Each structure stands twice: as C-alpha cells, then as structure tokens.
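Written out below as structure tokens is the structure these notes cover.
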Amino acid sequence: MSQANRKVSLDPEDWDDLRAQGHRMLDDMIDNLAGLRERPLWQAPTAEARARYRAPLPRAPAALSDVHAQFMADCAPYGSGNRHPGFMGWVQGGGTGVGMLAEMLAGGLDANLGGRDHMPIEVERQVVAWMAQLFGFPADASGIFLTGTSLANLCAVMIARDRALGVEVRNIGVRDPGVAAYASRAVHACIVRAMDMTGLGTDRLRLIETDADGRIKPAALEAAIAADRAAGLKPFLVVGSAGTVDIGAMDDLDALADIAQREGATFHVDGALGALGVLSPEVAPKLKGIERADSLALDFHKLGQAPYDAGLLLVRDAAAHKRTFSYGDAPYLRHSERGLAGGEFWPCDFGPDLSRGFRALKVWFTLKTYGLDALGEVIGRTCALAQALAARIEASDELELLAPVGLNIVCFAYRGADQAAIAADLQEAGRVAPSTTTLGGRTALRAAIINHRTSIEDIEALVEGVLALGRAQLGRG
C-alpha cells in the first residue's frame, strides 16, 4: 500500500478516552487555581525536574496520561507565581478561570486570525470596537491584538515613521531620517528598542526630564523640540506614559497632546500598565487626554486579568495603519469577493503576523463574563491596596517610601538594609514576592499590586516579611 493510501491521523482511536483524560486535565488545573494560597508562590525547579526536560527527541509515542502526569509533577509546581495573591514583583495580572477556559475553546477551534472570512475575526473586531468606544476613539478606528505592548509600541512607532517619512520608506529604507522622537526618561525600554528596530536609531529618541512625581515635564519637552528644530530636525513622535513601569506615574496626556498637535507630531500613548484604569472612577481622571492619542498600546494580561498573552494596538487613522503593514501584491493573500478568501478585514494587513492565534477570545470572554464595572472595581482596589501599603510604610520608622504612589506600584526600602537580599529571601520563602528597581541611585523594593486576588492580608505579609528580614540583617532581633 502506498503511503498516500495509508490511513494516518492524529485523532484518537477512542474519543471517550480523550474526553475522560481531558476532564482530568481540566479538573487538575481548576484545582491548581483554587488551591493557590495553599502552595508556595514560587519555588526553584529541582535539578531532577530540569533534567527531565533535557531528554532526547521523542520518536515514539507516549500515553497522554503519562505526559500530563509529567507536566503536573515537573512543570506546574515551578511556575513564575504571577497567579498567586502574594505576587507583587512585576506588572503581571493573575489570570482567571474564565480566561483559562476561553483558551481551551480557542485551542480547540484552532483558528488562524491572519485573515479570510470567519467569525473569530469578528470577535476580535468586536473587542477593538469596544476599546475604541471606551477610549473615545472614532468608530472607524483600527486595532489589532499582539503579544503585548512591547510589540504594539513597535508597530505604533512604525506607523508614525511612515507618516513622517512617507510610506515609500518601506521600500527605500531609512537613510538620514531628519526626525526626532520624545518620551519621558521613565518610558519603558521597548520604546528605545522600537527606535532601533525601525531603523530610526536610538540617538533620535529624546528622553525628557521628569518631575517629582515621575511625570514628563512639558516645558522640558518643548525646550527639547525647539532645540531639535533649530538643528534642522523635525519632531515626528511624542510618547506619553499612562503608568510608567518603575513607579506607575501618569504623564499629563492632555498637555502632551497639545504639544504634539502644535508640532505636527504623532501622539502615542504607552498604556501597558495604566490605560485600563479608565474603567475605575478613581483612576479615570488621571487619564484625561488619552482620547486624543493617535495610537494607544495596552495589555489585557495586566489590569485586564486575561491570561498571557493579550496586547492590543488601537489606531485612530485606520488607513495610515494599513499603509504601514499591508502587502497587497502577494497572490496567496489575495482577497476575494466571495468564499473563504472573502472578508473585509484581514488582520495581516494591520500588523506583522500572518499566523495569529485567537487571542481576542479570552478577552471577549473576560469582558462579557465579568463586565467592565467589576474589572474597574478590581483596578480601584489594587490602587487602594497600594495606598494602604504606602501608609503602612510611612507609619514605620524602619521603612522608607522612595517614590510617590500614583497608581498601584509602591517603591520602598528597609532603612540601611540590603534590599536585593530581602527581595530574594521573600521570593524564596514563597509567601510574597516583590522585585527591586533603582531610584535615584538607590535600590528599592518594588511592589506592583496588579492581581485581583491580592488582599490586605497579603500587604501585611509583605510588610511583616520585610521588617523581619531587615531586622535580622541589621541584628535588631
């Protein structure tokens, strides 16, 4: 029998066996989520577990139950810990059971959202339309799901580049661009990388001085633009931060929008940390001006609590967005008037990916299931917990607050102690996990309160842990 005539399939011989095993796998992960507080937040993988992931190529098949058992024994216990309520080290959401189930559905459907005429693309377009409405963008604004805000920011810089230099730059490349971009010196490093990756060069990014609250100084921005214009450079991009990564500072977005408009520059907002704060009545006023952005990058896997990964780029001018990414002459991507190759919106014309997973489904499920008001309440609570932590720090003679608390990030120190050692000790203990950063040349403990599961008990555990370790370091009993 020729190979072409052989019956070969990866489907199971017994669907009921797969169903039963699938139920066991789902039950295990629901139990895993439900029991987060009963296990360490983080523990270092054992040498034995690591060794089992240095195995030779698996030529022969194995039972799904055995593969699942290895995952539960050697992988699941050694995650990064961001789902745990005591995780405060980095800006990462905690995920939800709803998001996990939506990922299962997306995996089962196995849709490629690069293009063509199928409903998963309509689901993505629905979420984009909701976000356009939420952020005050026009109804015909475009948007696309990406891995995260790092990639969304890169795409935004590409759109701004093409607007400034002309779309022909896609063909001829960047020579001497004659343009400059501007952002806070506290801006996320991905903006710097975007200047590199777009060929514009990091030397053409001006990192502008910040005020005592960590916000870009509009007067300093205007002075930098004036100096560049005098040197023959054209300002093409102003980046505002809706929550800086170190301390959560919110730039004055209205003031930046005014400057960008006056200078004819694109106004982009990096909203990875704080943009979804518009859902919270307490936070929303700090985001005034975000509705004036030409483009906005945000992450649903942070304050939106969706499982990783789920970033979004929203663009006011859909035509400009498409001009930057569309390749209309590839015959294998030709659109049709009818059939599967139909559909008015192909996401591959608006971003770098042709092969794209169904990221939007878990966000659609999250928004539909919980509702925006509940998500806003969660965001408001994380900010309230941050203020409670700040108050606890300021009430202690042993602790020192090292930065203003504008959103839900708290940077502090135990006076005279080794902050990095305290952070590592806490992480290894597995109850709470702050990280560290550097502020004014000093190492700070950094607590980013993002997780919807975090409670005042977790805040107290962090404070008591820092106090105990700091006293032990300094021999204070």
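The values are calculated or read from the model by the stated rules, or taken from the named source; none is laboratory data. Just so you know, these numbers come straight off a predicted model, no measurement behind them. Cβ sites come from the backbone with ideal geometry, for glycine too, and all protein chains shown count toward neighbours. Just so you know, the surface numbers come from the protein's heavy atoms only, side chains and all, with ligands and any DNA or RNA stripped out. Shrake-Rupley method; radii C 1.70, N 1.55, O 1.52, S 1.80 Å.
Output the residues belonging to the range 46-57 that are in contact with a helix residue (DSSP H, G or I) (Cβ under 9 Å, 6 or more places away or on another chain) and over 30 Å from Lys302 (Cβ atoms).
Listed by number, the residues that qualify are Thr46, Glu48, Arg52.
For residues in the range 462-475 being touching a residue at least 40 places away in the same chain (Cβ under 8 Å) and open to solvent by 50 Å² or more (accessible area, probe 1.4 Å), which is farthest from Asp425 (Cα to Cα)?
Leu474
Consider only pairs whose beta carbons are under 9 Å apart and that are at least six residues apart or on different chains; among these, list those whose first residue lies in the range 325-342 and is open to solvent by 100 Å² or more (accessible area, probe 1.4 Å) and whose second residue is in a helix (DSSP H, G or I) and modelled with pLDDT under 90.
Sorted first by the residue in the range 325-342, then by its partner, the pairs are Tyr327/Leu333.
Six or more apart or on different chains, Cβ under 7 Å: which pairs go from a residue in the range 75-87 that's of a type in the set (A, V, I, L, M) to one that's modelled with pLDDT of 95 or more? Could you list them?
What qualifies is Ala76/Asn32.
Please find, within the range 140-181, the residue that is surrounded by the fewest Cβ atoms within 10 Å (Cβ to Cβ) out of those that are touching a residue at least 24 places away in the same chain (Cβ under 8 Å) and basic (Lys, Arg).
Filtering the range 140-181 for residues that are touching a residue at least 24 places away in the same chain (Cβ under 8 Å) and basic (Lys, Arg), the one surrounded by the fewest Cβ atoms within 10 Å (Cβ to Cβ) comes out as Arg170.
Can you tell me which of Ala106, Ala111 is closer than 30 Å to Phe345 by Cβ, aliphatic (A, V, I, L, M) and not in a helix (DSSP H, G or I)?
Within the list Ala106, Ala111, the selection yields Ala111.
Please go through the range 253-302 and pick out each residue that is surrounded by fewer than 24 Cβ atoms within 10 Å (Cβ to Cβ), more than 30 Å from Gly178 (Cβ to Cβ) and among the basic types (Lys, Arg).
Those that are surrounded by fewer than 24 Cβ atoms within 10 Å (Cβ to Cβ), more than 30 Å from Gly178 (Cβ to Cβ) and among the basic types (Lys, Arg): Lys286, Lys288.
Is the range 200-217 home to any residue that is open to solvent by less than 30 Å² (accessible area, probe 1.4 Å) and more than 29 Å from Ala444 (Cβ to Cβ)?
Checked against the condition, which is being open to solvent by less than 30 Å² (accessible area, probe 1.4 Å) and more than 29 Å from Ala444 (Cβ to Cβ), the range 200-217 yields at least one hit.
When you scan the range 352-363, do you find a residue that is acidic (Asp, Glu) and part of a helix (DSSP H, G or I), even just one?
Scanning the range 352-363 turns up no residue that is acidic (Asp, Glu) and part of a helix (DSSP H, G or I).
Table: residues versus (1) in a helix (DSSP H, G or I); (2) not aliphatic (A, V, I, L, M).
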site	(1), (2)
Ala55	no, no
His68	yes, yes
Pro77	yes, yes
Gly81	no, yes
Gly93	no, yes
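Would you point out the residue of the range 182-193, among those that are among the hydrophobic types (A, V, I, L, M, F, W, C) and open to solvent by 40 Å² or more (accessible area, probe 1.4 Å), that is farthest from Ser280 (Cα to Cα)?
Filtering the range 182-193 for residues that are among the hydrophobic types (A, V, I, L, M, F, W, C) and open to solvent by 40 Å² or more (accessible area, probe 1.4 Å), the one farthest from Ser280 (Cα to Cα) comes out as Val192.
Which of the numbered conditions does Arg125 fail, given that it passes all the others? Conditions: (1) surrounded by fewer than 20 Cβ atoms within 10 Å (Cβ to Cβ); (2) assigned to a strand (DSSP E or B).
(2)
Considering only residues of the range 378-407 that are surrounded by 16 or more Cβ atoms within 10 Å (Cβ to Cβ) and of a type in the set (Asp, Glu), which is nearest to Leu474 (Cα to Cα)?
Glu398
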